[in-house]
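Every read-out reported here was derived from the displayed coordinates using simple, explicitly stated rules and does not represent laboratory data. The model shown is predicted, which means the values in this text are computed figures rather than measured ones. Backbone-built Cβ (ideal geometry, glycine too); neighbour counts: all protein chains shown.
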Amino acid sequence: MASVTVKRLWKEYGRQVVLENLNLRIEDGEFVTIVGASGCGKTTFLRLLLGVEKPTRGELLIDDKPIPPEPGPDRGIVFQRYSLFPHLTVTENLLLGLEFTGSRFLGRLFGAKRRTALEKANALLDSIGLYAARDKYPSQLSGGMQQRLSIAQSVICEPEILLLDEPFGALDPGIRADMHEIILRLWSQNRMTVFMISHDLKESFQLGTRLLVFDKRRQDPQDPDAYGATVTYNLPLKAKATDRLAA
Amino acid sequence: MASVTVKRLWKEYGRQVVLENLNLRIEDGEFVTIVGASGCGKTTFLRLLLGVEKPTRGELLIDDKPIPPEPGPDRGIVFQRYSLFPHLTVTENLLLGLEFTGSRFLGRLFGAKRRTALEKANALLDSIGLYAARDKYPSQLSGGMQQRLSIAQSVICEPEILLLDEPFGALDPGIRADMHEIILRLWSQNRMTVFMISHDLKESFQLGTRLLVFDKRRQDPQDPDAYGATVTYNLPLKAKATDRLAA
Amino acid sequence: TPTASAAEKKSFKVAWSIYVGWMPWDYAAESGILKKWADKYGIKIELTQINDYVESINQYTAGSFDACVMTNMDMLTIPSAGGVDSTALIVGDFSNGNDGVVVKGKGKKLADIKGLPVNLVELSVSHYLLARGLETVGLKERDIKVVNTSDADIVGAYAAADTKATVTWKPQLSEILASPDAQLVFDSSKIPGEIIDLMVVNSATLKANPAFAKALVGAWYETIALMAKKDPKALAHMAKASGTDLAGFNGQLATTRMFWTPAESLSFVTGPQVQTTMDLVRKFSFDHGLLGEGAKTVDVVGIEFPGGKTLGNAKNIKMRFDATYVKLASEGKL
Amino acid sequence: MPRLINLHPPRGSAAFLAVLPFLVLIAAYLFGSNTRLEANPDDKLLPSVATLVDTVHAYAFEEDRRSGEVLLWVDTWASLKRIVVALGISAAIGLGLGLTIGAIPYIRALAAPFVAAVSMIPPLAILPVLFIVLGLGEVAKIALIVIGVTPVIARDVALRAGELPTEQLIKAQTLGASSWLLSTRIILPQLWPRLIDAVRLQLGCAWLFLIAAEAIASTEGLGYRIFLVRRYLAMDVILPYVFWITLLAFLMDWMLRIARRRLFPWAESQR
Amino acid sequence: MPRLINLHPPRGSAAFLAVLPFLVLIAAYLFGSNTRLEANPDDKLLPSVATLVDTVHAYAFEEDRRSGEVLLWVDTWASLKRIVVALGISAAIGLGLGLTIGAIPYIRALAAPFVAAVSMIPPLAILPVLFIVLGLGEVAKIALIVIGVTPVIARDVALRAGELPTEQLIKAQTLGASSWLLSTRIILPQLWPRLIDAVRLQLGCAWLFLIAAEAIASTEGLGYRIFLVRRYLAMDVILPYVFWITLLAFLMDWMLRIARRRLFPWAESQR
Ligand SMILES: Nc1ncnc2c1ncn2[C@@H]1O[C@H](COP(=O)(O)OP(=O)(O)OP(=O)(O)O)[C@@H](O)[C@H]1O
Ligand SMILES: Nc1ncnc2c1ncn2[C@@H]1O[C@H](COP(=O)(O)OP(=O)(O)OP(=O)(O)O)[C@@H](O)[C@H]1O
Ligand SMILES: [Mg+2]
Ligand SMILES: [Mg+2]
């Protein structure tokens, strides 16, 4: 439950302009899907929202307050290259968020608390089809399994803003539909604000309440780095969450 | 230009059966697309073809000879998690295959040879839209850029068998179409045999001359690892390469 | 710290290192003789073996020990030059062939050393012995090239092809002489009484605690009396503790001039030779910068001998030879 | 014919290959020893096998006349105690320092240059100070090893902590991890196997310091014995002792490797 | 308030933080020195600043009475030559060994246990054998460092070579790389920065061996001087020399770090 405001935002790497004069206002509880050519700066935009990159110029506000300069449990992330913790089994990877928020000092849960957390985790594992693999280490999982786990890991703590960087790239259509359902259910239950990068236009239209298209307004063929991308289309989509769930 | 024969092939990890009694005959120059649920063993099958995993039982023949037990330039691969060489720039990454095959001792090309190679590489870079980023290191590329480079890297040497593990997962529709075209052109020019895992059914139908569906025939709910997947559908697709190129 | 030890106290720490002339201390402790004497004077004496000789002196100088064994030259250059007023309580022996100069090649003479590199522990008594030896054949130190070589490695170093000459002490000297091409060309028996082995006590501690001195002196002479009698148990123990066998140990003992009785010791320290020796030693030390970078003259450190004679700066007496307790021992008054 | 890089020796020949260089070394020794002993039968530098066996027997199985103890075991026990304690302390401090230096920028700014500088101080050169501050007992010996080994372990661990992918750290923060939880639940567990590697690489150094410490002030221990007989060039004692030290260190190395594999299976399969 | 882990000290205060522990050390020294000198004005263990300055002046800027040379520079030059040559040789051999051990299973089976065993041998204990083989000159001193440092570097490099993702090696083979090309074009270039790290971690050890080597038989060098003046507890010489050695080693470390960053930018941005 958080609104996001972007004001005259620029992002440059060295002399390469990646994002150019971005202006946006996203309301509480929107489901924003982002599309755009490869390398145009979508991931960079998510990293800015996450707080791990600083804008070169301009402002980024969450609920009209400047964005905290570091990641936190209010903003969940699924990376393009899924990153799991190699030293933890599937269950442990999933429990981690609950343990962090439930036990500030030890970062571990015991007794009844642990049982409750474990139930929640197991239910989620079941719904993403990883229950049978719950004791494996990440290196023993297939690519798609890792991606599903990564998604589950970031939604289990129910963040206010969920950032998804091509979360369904490595999933087959059946499982992809299941994951859509999980994300949509969580979104409508918790009214979080979602930003999702996708290359699948159909998916973007189907899931989002708003579609952002990133593209360069200007091109300099001599110097392709001179101009950056910005939001060229900002389409409100009309469908309701409940409808989309059924779809 | 190589046929692939699979005879009564089993693959197990410990007591988990991944692939079960696989039998196949793929002719020279086919374009095989593979679909199947996440975690069912598609990547494992490619790894067997690559020669980096050994079958637990059964035979794997290329041109009716046992598969060499190690990877070689006859079989190109694009990994699900794209793997580039972090110490080489984009151009260097792409040149590598040409240098390896063109210079057995130094692994480097000089003079006219180098210029020819460079031209080939630059043309390819241009067609995948990475010419502007040619001097960057992989860690400075976006996910989709890395994936494109990875594909280009494996096709530049024109292998006889090309193994693609979800090669287009991180690409937007425009670039994806370009990549389709590049792959199809190379395939029809060199008559290589292609195995491509994809989660996009439409893409699978559109590109392949044959579609394999991997699935488990039997399920033991008590012990999900007891049975492995096998090829449940093996559909010849009728479209011609040239038609598909136009599509 | 050194001043802390000035007060009267009940327990004392003594450091010793392995050398033929000091092995009696080990036996005194092991056999209970030392404890017997300490008990007699109502004190405790803890004897600590330190394997690295120089380190033991350094530790004594830094104040970790009340007493330590060392040679006359090292006493002058380390504790005394370091400002720690020290007293030589017992003159146990002097080297009488224990230190020697070896040149590779049978039949060589000391004069043949000219122009050769000489491996030795620089600035040690070996260095002093060499300097004294060179004088006898009219050579100067610059006629040779001194290569600093640690005493632990000197036997191995001698075996190396490029080693031409070496100066060292026993037991290393015996090992080197055992090799077929080694020629002993000079040894400490030619300068008897110049390399002296001492039990050194912090002067302030000594002054405040005569009991400590009495116990040490008493234990020492009781122990070496056993040696003089060739007590097999004592000798076997000392041989083993110094890492050799009885024959090897007796070989070392043969070239060590022990003062078997308090009387012998007394006549040596009160005699004139100690003073001439110390004069030679302090000049050598000064020439080699051993009295410290700040030392402007050879006289910086004052040395006092029994009877009140002094050498050097009488206002800065840091090295004392004291015959009081040996005298008591010789009179049987301990 | 597969590439050399893909050829794995079968179990049996792997064992044979592993033993080969040792056999060559032994052969070289025998040859050298024979040659020297023929020239001079009293040569002590490379004693004959018979002499070695006798000496080993005397040191390892006969009671010492003087003390009634079997020297080799007394020495081994004394040295092992020291080195195990010292390595334990070094590993603990090294891990703590390395972890905080690697994880927390302020601590890095504060401690990294200092640790780097300290790791360069040759501890043997400041031994006198050390002995005076810590006395000549067990503490000083253990401290010498700790001082010599800890900074290197700390730097190694810090280097490795810095190599963890940033994505992991970011992800953990989005899961609500504080700096403390990040350190204890994400970074620390992944550093354990790396700590073991770091300690393994320092084993040789640790033994070196132990020997140096024992050579200065001690009355038992493997280093002490070597020091004691060195002035007699008793290679018939020194060589077996060196061999024994090497074997002990090698076994420690091997046990650490096994422990790493058992305790952190995920770190093996990561490759 | 951001997490500790995300707080980066600004440049100025980073420098201050870095200097802080050194200041504390200096203060502790001054206190200790004062206390001891009050008790005994001639105390040699912790000389006063004035004494230190005098001695440094004498050693660094005045000609020695006996030899007519400026001792500090003569010593520094002698030692630096030795250590640079030795480290160069060690790095070269260590890289070669580590690379082949890490990359080629047959070589690993053959050499890994041997290198592990050799890395555990305390070289100082077998010095006599070394003397016979190599004499007492420069060769022996350099060899001692090389013997002490190389096996550890080799093991470190081999460990790192083994950590390269298998996907890379597979990919390279599908691009037609032979074992040779794989080693020279894929593995070797990625090991360079790791070699630099390995050498950096061994710098302290290398200096230690240098000092030990110079203590054995030499006529100049930083280690020689330290051992020489240790005979009369001239801490006013030893401490500046130790400081100087530490500084030199620290500078070498720093230069290696800079070189790593300059030469292998991709290795930095990988994090
Ligand atoms: N090294 C391994 N050890 C144990 N099990 C493994 C290992 N590698 C893969 N597996 C298991 O083998 C099964 C098949 O994995 P594979 O990677 O082939 O799946 P996939 O069909 O490619 O799935 P995806 O579409 O998600 O990439 C999975 O259940 C996985 O857990
Ligand atoms: N650390 C970096 N240093 C320099 N340039 C960078 C860095 N990270 C990203 N870039 C550049 O920024 C541009 C945008 O990258 P970004 O990852 O945001 O693209 P993207 O829109 O997510 O693409 P994709 O869909 O392929 O993932 C790219 O051109 C890339 O080369
Ligand atoms: Mg991206
Ligand atoms: Mg897969």
Members of C:LYS35/C:LYS229; A:LYS65/B:LYS136; C:LYS109/C:LYS140; C:LYS36/C:LYS327 lying beyond 27 Å, as alpha-carbon distances in this model show: A:LYS65/B:LYS136
Descending semi-axes in whole angstrom, ellipsoid equivalent of region B:75-158, from the Cα gyration tensor: 20, 14, 12
Highest-first arrangement of C:127-139, A:107-119, B:155-167, where packing means the average Cβ count within 10 Å: B:155-167, C:127-139, A:107-119
Across the identical copies, how the B:TRP10 labels are spaced - nm, sorted shortest first, 7 Å along Cα→Cβ: 6.6
Three-way shape label, chain C, alpha-carbon gyration tensor, a/c 1.5: oblate
Volume of the Cα convex hull of region A:35-82, divided per residue and given in Å³: 104 Å³
The protein assembly as shown, dipole about Cα centre (Lys/Arg Cβ +1, Asp/Glu Cβ -1), debye to the nearest 20: 1860 debye
Student exercise, chain D dipole from Lys, Arg, Asp, Glu Cβ charges, in Debye to nearest 20: 1080 debye
Anisotropy class of region C:181-334 from Cα gyration tensor, a/c 1.5 cut: oblate
Of E:ALA177, E:PHE16, E:ALA213, farthest towards positive along the dipole that unit charges on Lys, Arg, Asp, Glu beta carbons give chain E: E:ALA177
Rg/Rh ratio calculated on Cα atoms of chain E (Kirkwood radius): 1.06
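Per-residue Cβ counts within 10 Å, from other chains only, averaged over E:102-114: what number is that?
What the average comes to for E:102-114 is 6.
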Calculated log₁₀ intensity ratio I(q)/I(0) where the Debye formula runs over C-alpha points of region C:62-135, q = 0.16 Å⁻¹: -0.72
Other copies of A:GLY58: label-to-label distances in nm, shortest first, labels 7 Å along the beta-carbon direction: 5.3
Relative contact order, percent, chain E [alpha-carbon distance under 8 Å, six or more residues apart]: 23 percent
Spherically averaged projected area in nm², based on the convex hull that wraps the Cα atoms of region C:152-256: 9.1 nm²
Cα-Cα pairs of region C:263-334 separated by more than 21 Å (percent): 33 percent
For a label point 7 Å along the Cα-to-beta-carbon line of B:ASP63, residues of region B:4-46 with backbone N under 16 Å: B:4-5, B:26-30
Span-like helix ranges in chain E, DSSP H, alpha carbon extent 27 angstrom or more, Kyte mean at least -0.5: E:11-39, E:71-103, E:138-162, E:188-216, E:235-263
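Return the calculated 222 nm mean residue ellipticity for chain A, to the nearest 500 deg cm²/dmol, obtained by summing -39500 (n - 2.57) across DSSP H runs with n ≥ 4 and dividing by the residue count.
On the way: 7 runs with 83 residues, N = 247.
Per the formula, -10500 deg cm²/dmol.
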Radius, Kirkwood style, for region D:89-153 when every pair of distinct Cα atoms is counted (Å): 12.5 Å
Which of A:THR44, B:THR232, C:THR297, C:THR71 has the fewest Cβ neighbours within 10 Å, and the rest in rising order: C:THR297, B:THR232, A:THR44, C:THR71
Average beta-carbon neighbours from other chains, 10 Å sphere, peptide C:59-67: 5
Positive-end extreme of charge dipole, region C:241-334 - chosen from C:ALA323, C:ALA263, C:LEU311 (charges on Cβ): C:LEU311
Pseudo-label separations to other copies for D:PHE16 - Cα-to-Cβ vector, 7 Å, nm: 6.9
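Which whole-number percent of Cα pairs in region A:1-104 have a distance greater than 20 Å?
48 percent
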Low-density loop positions, GluC sites (Glu not before Pro), region B:7-51 - DSSP coil, at most 11 other Cβ in 10 Å: none
Mean separation of Cα contacts under 8 Å, 6 or more apart, over the residue count of region C:53-164: relative contact order %: 22 percent
Binned Cα-Cα distances of the protein assembly as shown, short to long, each 20 Å bin given as a whole percent: 9, 32, 28, 18, 11, 2, 0
Kirkwood Rh (inverse of mean 1/r, distinct Cα pairs), region D:114-271, angstrom: 18.2 Å
10 Å Cβ neighbours from other chains, averaged over peptide E:41-53: 4
For chain A: relative contact order, % (alpha-carbon pairs under 8 angstrom, 6 or more apart): 29 percent
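Using only alpha carbon positions, build the gyration tensor of chain B, then give the equivalent ellipsoid semi-axes as the square roots of 5 times its eigenvalues, largest first, whole angstrom.
Equivalent ellipsoid of chain B: 32, 20, 18 Å, largest first.
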Region C:170-177 - phi-based ³J(HN,Hα) in whole Hz, Karplus 6.51/-1.76/1.60, Gly and Pro as x: 7, x, 4, 4, 4, 4, 5, 5
Unit charges on C-beta of K, R, D, E only; dipole of chain A, Debye: 240 debye
Helix-only [θ]222 nm of chain D, DSSP H runs n ≥ 4, -39500 (n - 2.57) each, per residue, nearest 500: -26000 deg cm²/dmol
Axis-proximal residue, chain B, for the rotation superposing B on A (Cβ, Å): B:GLY169, 2
Closest approach to the E/D rotation axis among chain E Cβ atoms, residue and whole-Å value: E:CYS205, 3
Projected area, mean over directions - region D:4-116, Cα convex hull, nm²: 15.0 nm²
Sparsely packed trypsin sites (Lys or Arg not before Pro) within region E:13-117, loop by DSSP, other Cβ within 10 Å at most 10: E:ARG65
Helix axis angle, C:273-287 relative to chain C longest principal axis, alpha carbon, degrees: 60 degrees
In degrees, nearest ten, helix C:232-241 long axis to first principal axis of chain C (Cα): 60 degrees
Trypsin sites (Lys or Arg not before Pro) lying in DSSP loop within region C:177-253, provided at most 11 other Cβ fall within 10 Å: C:LYS229, C:LYS230
Per residue, the convex hull volume that the Cα atoms of region C:91-187 enclose (Å³): 95 Å³
